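We did not get these values from a lab; they are worked out from the coordinates using the rules stated. None of these values were measured; they are calculated from a predicted model. Every residue, glycine as well, gets a Cβ built from its backbone with ideal geometry; the counts of neighbours run over all protein chains shown.
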Amino acid sequence: MGEKKRGEALVPWLWTGMICALVFLILVIVIRQPAIQAFDRMLIKSLDLIRTPELISFFKKITNMASSNFLFFLIALFMVYFLLRKKFMPLILLPAVFLIERYANSVLKHWVMRNRPPFPHLVHETGYSFPSGHAMNASTVYGLLILLMLPLIKTRWIRVAWAVVGLTLILLIGFSRPFLRVHYFTDIIAGYCAGGVLISLSAIALIFVYNRKR
């Protein structure tokens with residue numbers, strides 16, 4: 001990859017990372033505003049109209065797909081796959097970024113110290129609310145799996161399907177958290193933004209590594 005092409009590849013990821021970081025910082029400020037807090041609570045209450053037992057059961061299953069225990073198992077499976085394919089950069093990057101994300105989420109939660117919604121939770125959760133750990137988990141891990149797997153998939157429709165499934169999971173997991181009354185929607189957006197920063201940094205690292213190999 002030449003210098004010009006590398007620069008062209010870097011620009012979208014640099015912009016994505018900066019925009020995600022900026023939106024996250026704006027959210028840190030605005031969630032303290034009473035009007036935003038009231039709007040956040042109203043959004044959660046509005047979901048009562050569709051909180052049927054069937055949907056609650058469905059979203060409990062969906063939300064578990066971003067739990068740390070599930071993702072450790074999923075990451076281990078893909079590490080075996082990358083090892084068999086001799087793709088050592090993805091083999092290292094996937095678990096490393098996940099561990100960084102887990103640490104970063106804890107640091108950010110204790111920095112912002114936002115309490116969870118004052119409604120009966122439909123799943124057991126403890127700790128602070130902002131940013132959502134599940135949204136950050138989902139956007140980081142499933143986003144990284146899209147990024148790492150697409151170059152390895154040769155068939156176009158499978159590439160498209162892989163990306164669509166990954167993005168759909170990220171969105172469903174994010175929606176499941178306010179649906180289950182354990183997060184505000186602003187927590188979810190913040191989790192996506194934090195994950196977006198990590199994905200952008202991962203993409204930039206991949207561009208530099210593959211450029212050096214060539």
Q) With the contact rule set at Cα under 8 Å and sequence spacing of 6 or more, what percent relative contact order holds for the chain? A) 36
(Q) I'd like the FRET efficiency for Met113 and Trp157, computed as 1/(1 + (r/R0)^6) with the beta carbon distance as r and R0 of 41 Å, rounded to 0.05. (A) 0.35
Q | Electrostatic dipole magnitude of the chain [Cβ: Lys, Arg +1; Asp, Glu -1; Cα centre; debye, to 20] | A | 660
Q. Quick one: helix 156-179 against the long Cα principal axis of the chain, what's the angle to the nearest 10°, folded into 0 to 90?
A. 20
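If you wrap a convex hull around the Cα atoms of region 45-163, how much volume per residue is inside, in Å³?
In region 45-163, the Cα hull volume divided by residue count equals 133 Å³.
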Q: At 0.36 nm per residue, minus the direct Cα-Cα distance, what do Glu125 and Met79 gain on full extension? Give it in nm, one decimal, please.
A: 13.7 nm
Q: Anything over 31 Å Cα to Cα? Flag those among Lys60/Lys86; Lys61/Lys109; Lys86/Lys109, in the order listed.
A: Lys60/Lys86; Lys86/Lys109
**Q.** Positive-end extreme of charge dipole, region 41-180 - chosen from Trp157, Val107, Leu74 (charges on Cβ)
**A.** Trp157
Q | Cβ-placed point charges (K, R +1; D, E -1), dipole of region 82-195 about Cα centre in debye, nearest 20 | A | 400
(Q) Working only with C-alpha atoms, what are the Rg and Dmax values of region 3-213, expressed in angstrom? (A) 17.9, 56
Q) Helix 34-46: angle to the longest alpha-carbon principal axis of the chain, degrees 0 to 90, nearest 10? A) 90
Q. If each residue's Cβ is checked for other Cβ atoms within 10 Å, how do Met42, Met79, Met136, Met149 rank with the fewest at the top?
A. Met42, Met79, Met149, Met136
Q. Put a dot 7 Å past each Cα toward the Cβ at Ser68 and Met42; how far apart are the dots in nm?
A. 3.6
Q) So between Tyr210 and Arg32, what do we pick up on full extension, going 0.36 nm a residue minus the alpha carbon distance? A) 59.8 nm
